[in-house]
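Here the structure comes first, spelled out in structure tokens, and everything after it is commentary.
The values are calculated or read from the model by the stated rules, or taken from the named source; none is laboratory data. What you are looking at is a predicted structure, and each value in this text was computed from that prediction instead of being measured. Using ideal geometry, Cβ is built from the backbone for each residue, glycine included, and neighbour counts are taken over all protein chains shown. In case anyone asks, the SASA skips ligands and DNA or RNA and just uses the protein heavy atoms, side chains included. Shrake-Rupley method; radii C 1.70, N 1.55, O 1.52, S 1.80 Å.
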Amino acid sequence: MDNHLKIELRQDKIDSLRAYAELLNKDINTMLDEALERYFKVEKERLIEKEESATNLDYDEFWEGVDFED
């Protein structure tokens with residue numbers, strides 16, 4: 001499996017990464033890893049919430065208004 005990705009960042013993002021790395025005394029790779037972890041957590045929660053909102057009807061609410069006559 002290829003473990004290499006080509007990632008392109010705009011210059012303003014690169015400048016910000018360098019500035020924050022210096023201010024926080026952190027490695028840029030560490031900062032990117034932390035940012036991705038936060039992103040994945042937020043997106044996972046959003047997807048779970050979306051799934052739950054799509055399935056939050058009880059049996060009676062789901063079938064309300066459906067005519068079962070042949």
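Counting only protein chain heavy atoms and rolling a 1.4 Å probe, the accessible areas of Glu43, Glu61 rank, largest first, as Glu61, Glu43.
Restricting the calculation to alpha carbons of the chain gives Rg and Dmax of 22.8, 73 angstrom. Taking Cα atoms only, the orientation of helix 11-24 departs from the longest principal axis of the chain by about 70 degrees.
Relative to the longest principal axis of the C-alpha atoms of the chain, give the angle of the C-alpha long axis of helix 28-54, reported between 0 and 90° and rounded to the nearest 10°. Approximately 10 degrees, to the nearest 10. Summarising the label geometry, the points placed 7 Å from Cα in the beta-carbon direction at Glu22 and Asp2 lie 3.5 nm from one another.
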